[in-house]
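Trainee: Supplied in structure tokens, the structure appears directly below.
Since every read-out is calculated from the coordinates, none of them should be taken as a lab result. What you see is a predicted model; the values in this text were computed from it and never measured. Backbone-built Cβ (ideal geometry, glycine too); neighbour counts: all protein chains shown.
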Amino acid sequence: MSLPKDNKDSIPEPTKGLEGIVAADTNLSSVNGEKGILRYCGFNIDDLALDTTFEETICILYDYELPTEDRLSEMTKNIGEARVLPDEVVEVITKLVGKTSPMSTLRTVVSALGHYEKNVPLSELAPKALRLVGQIATAVAMIHRLREGLPIIKADPERGHAEDFLRMLHGDEPSKIQINALNLYLILLADHGFNASTFSARVTAGTLANLHSAITSAVGTLSGPLHGGANEKAMDMILEVGKPENASEYIENAFNNKQKIMGFGHRVYKVDDARRIHLKNMTELVCKENGNMEIYRTAEEIERQVRKRKSIITNVDFYSAPLLYELGIPTDLFTPLFAMSRVAGWTAHVLEQYKNNRLIRPRARYVGQIDRTFTPLQHRSEKRF
Ligand SMILES: CC(C)(COP(=O)(O)OP(=O)(O)OC[C@H]1O[C@@H](n2cnc3c(N)ncnc32)[C@H](O)[C@@H]1OP(=O)(O)O)[C@@H](O)C(=O)NCCC(=O)NCCS
């Protein structure tokens, strides 16, 4: 593209999509895309996936340390007590459900929740952030119950976050495997470097806007199909394919039509997504418990067919989809579930941004015309358009 002379000399070539650009330091998560390793505060996700809870992951992200038993019980108690929404926010949900998507409702809920919080100094911001982590889970369950015309189920602060969410959503007691599966999902998706939604939260926090403004930005950013929305589309595909025998033809057609296959490809991971194997194994377990191995086998065959044709990795969204589906989560709640996990990382990043803030303000290269002649309205020709 030929550029205006003065700009061409002074502004460097932009990096499309900011690919490979390092925008800040963080102590939260590190993603090694070349080796397929994800760590939270130095702890490998492979270890955390084995035997921890979402609450323990939040402790790590908020404290940069493994919790003691006391700290973990305190966190579990605090997040349990946080799973309550102000009555006015319940009214907002009641008015919106059925009229807009669950993600749009959730974005409005996060924004509305900000009105019921006091301004507090930075040193007291963590409890406020944690409240939001608890409230988002309740809001997601409530969005579902209200739109289905079902009675709202109150939170039970004595239960773990994953267990209580499933109970508030479905109205019955989840199985041990279901609780473990949701815990695993919440742990694995809690943070992931400067992904688009986390970056948008940090950009907003960088202006010293408040916590709820930053998380509202993040929820909006997550809703796009190239980010959080990919898991819904991945499930639509798995259901459309229906059985393993149909996968080859479906994927062949998708590639021939130059379609992006949801749940595949990643900007950072080059060999494997660190979270894939854990989600895949857990999906198999849950499908077995439900006696529905067809879904698992179909997903596995889609993966095989994609990778046979192109060397793109299977990303976190692909196996998240059948996992959530088998937990009885409707597909349009998949992205809200993603938000319910990622809010742990978003809030931790916002706290980190405030602690060492600098306004995030990149530049754009102007590629339009310059030195154009201004003509007053009354002298402009009708023919211009
Ligand atoms: C995530 C994503 C946006 C990354 O995009 P990116 O870093 O810009 O990757 P690129 O578009 O440069 O991909 C490189 C090549 O792989 C192809 N590719 C990438 N993802 C693909 C997909 N999901 N299906 C088919 N082809 C894909 C691209 O078309 C490109 O092919 P080319 O070299 O022949 O032109 C992209 O992979 C995508 O749209 N995936 C589907 C959505 C998704 O699952 N998002 C969740 C991410 S966690």
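Trainee: Which shape class, rounded, prolate or oblate, goes with region 51-183 when its Cα gyration tensor gives a ≥ b ≥ c as root eigenvalues, a/c under 1.5 marks rounded, and past that a/b bigger than b/c marks prolate?
Mentor: The shape class here is oblate.
Trainee: Let me ask something else about it. Sort 367-378, 273-284 for me by packing, meaning the mean count of neighbouring Cβ atoms within 10 Å per residue, highest on top.
Mentor: Result, highest mean Cβ count within 10 Å first: 273-284, 367-378.
Trainee: What do you get for Rg/Rh of region 230-326 when both radii come from the Cα atoms and Rh is the Kirkwood radius?
Mentor: Reported Rg/Rh, Kirkwood definition of Rh: 0.94.
Trainee: Rounded to two decimals, what is the ratio between the C-alpha radius of gyration of the chain and 2.2 N^0.38 Å?
Mentor: Here the answer is 1.07, to two decimals.
Trainee: Let me ask another. Taking only Cα atoms of region 240-385, what ratio of Rg to Rh do you get with Rh as the Kirkwood inverse-distance radius?
Mentor: Ratio of gyration radius to Kirkwood radius for region 240-385: 1.21.
Trainee: If you put +1 on each Lys and Arg Cβ and -1 on each Asp and Glu Cβ, how big is the dipole of region 151-261 around its Cα centre, in Debye rounded to 20?
Mentor: 400
Trainee: While we're here: If you find the alpha carbon centre of region 29-43 and of region 276-349, how far apart are they in angstrom?
Mentor: 20
Trainee: Semi-axes of the equivalent ellipsoid for region 1-127, please: Cα gyration tensor eigenvalues, times 5, square-rooted, ordered largest first, whole Å.
Mentor: The three semi-axes for region 1-127 are 36, 28, 16 Å.
Trainee: Tell me the relative contact order for the chain as a rounded percent, counting alpha carbon contacts under 8 Å between residues six or more apart.
Mentor: Relative contact order for the chain comes out at 24 percent.
Trainee: Also, quick follow-up: Determine, from the Cβ-Cβ distance of ASP46 and ARG372 and an R0 of 51 Å, the FRET efficiency 1/(1 + (r/R0)^6), rounded to the nearest 0.05.
Mentor: E between ASP46 and ARG372, to the nearest 0.05, is 0.30.
Trainee: Which value, in debye to the nearest 20, describes the size of the charge dipole of the chain about its Cα centre when Lys and Arg Cβ atoms bear +1, Asp and Glu Cβ atoms bear -1, and nothing else is charged?
Mentor: 2000
Trainee: Hull surface divided by four, with the convex hull built on the Cα atoms of region 143-280: how many nm²?
Mentor: Hull-based average projected area comes out at 11.8 nm².
Trainee: Do the sum for the chain: with -39,500 (n - 2.57) for every DSSP H run of n ≥ 4, divided by all residues, what is the mean residue ellipticity at 222 nm, to the nearest 500 deg cm²/dmol?
Mentor: -17500 deg cm²/dmol
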